[in-house]
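Please read the structure below before turning to the comments.
What follows draws every value from the coordinates through simple rules; no lab data is involved. Model, not experiment: these values are computed from the prediction. Cβ: placed from backbone, ideal geometry, glycine included. Neighbour counts: every protein chain shown.
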Amino acid sequence: MRKNRRHKHDRHFLITVSDKRQTRHFKIPKFLKPTLITLSVAMLIGLLGSNYLAFTQRNQLLETRHQASELESAFVKLSSKNSSLNLKLEQNDTEKEVMSEVIAQMEQISGVDSGINTSILDRLTAISDHFASKELVFAELDYRVDSLEESIGLDNENLDESEVDLATRIELAQLNISQQKLVHDSIPNGYPTRNIGVTSTFGKRIHPTTKQSSFHNGIDLRAPEGTEIYATADGVVKQASFNKLSGNRVALAHNLGFESRYAHLSEMKVKVGDVVQKGDVIGLSGSTGRSDGPHLHYEVRYLDKAHNPIDFLKWEFGNQEIFSNVRGIQWESLISLLNKQISRPTLQLSQVVHQ
């Protein structure tokens, strides 16, 4: 009897489920155990599959949103470019209108009638052909005189051009050019060598040989041994001698208190008292005196005070910037004096001899 009861008990297995309220026991026949395991595994696989599917769909949704964001950004950029293109097209239309108006004025002045439907290029060609005559020559000459007057600073604003003929304007320009040439030839300007490389500037520096801080009264210009050195203005040779620091040196006295100095020369081509003109060769570059190699030491002085030569090197004919860049010089008084000199009659040597 006991054996039968135990055998009957072995045909079930117990499942216990507990919560806060109570505990429940369920007897399940053993023959259902494989089925329950299969169902549990299937539920687990289904749960994992649904989670994987949800994860995959979420990633696809994020990717779709990212692509949508990129498309939106590209659309904004494309819209901006489109707006910019439309603005440029509008500007081109405005420029064409302005050009058409200018051409119409030119046609009116020249008397050329190309027709309303003619292209802009053909209209310009017709105007150009019209002015390829004597009238164009005079217009070009008048323009060149205007440019010349502007470049040399000749003020003709107060002159009535209808009363001043072209010949008179050219004569006035020539007179002004003569005045400027006198200034340009009297005061040091331009480079004293053909090679314009600057190796050491004006002002405080570490001396290349003593390695000590000192004030550089001029500039050093790149000049291989034997390079020709030119006078930067008309003048008289004030000094041509050797110095243990400057080596062979030449000093030129110029008009109105200016002086230029050239040092470390290998050879001096002038002597004290010689009269030189701007561009004359006064020596050859070298490395004499206290020098670390061939070069030219160049100075510009006014009343014995050293000024930065760079401003004088860059001074070109017709350029008036030096008068505002270089301080400490009464330029207005100097130019006034030069103008008086050019207006005086030229004194010939023969006149002096016969007096």
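Less than 5 angstrom separates the built amide H of Gly283 from those of Ile229, Lys269, all sequence-distant by 5 or more or on a different chain. You can think of it this way: the chain between Gln105 and Phe317 has 72.6 nm of extra reach, that is 0.36 nm per residue less the Cα-Cα gap. Fully extending the segment from Glu225 to Glu267 would add 14.1 nm, taking 0.36 nm per residue of separation and subtracting the current Cα-Cα distance. For region 198-350, the mean projected area of the C-alpha convex hull, equal to one quarter of the hull surface, is 10.1 nm². Estimated from the Cβ-Cβ distance and a Förster radius of 25 angstrom, the FRET efficiency linking Asp304 and Asn243 is about 0.90. Rounded to the nearest 0.05, what FRET efficiency do Gln67 and Phe31 have when you use their Cβ-Cβ distance and R0 = 41 Å? Approximately 0.15, to the nearest 0.05. With a Cα cut-off of under 17 Å and a minimum spacing of 8 residues unless on different chains, the lysine pairs in region 198-350 number 7.
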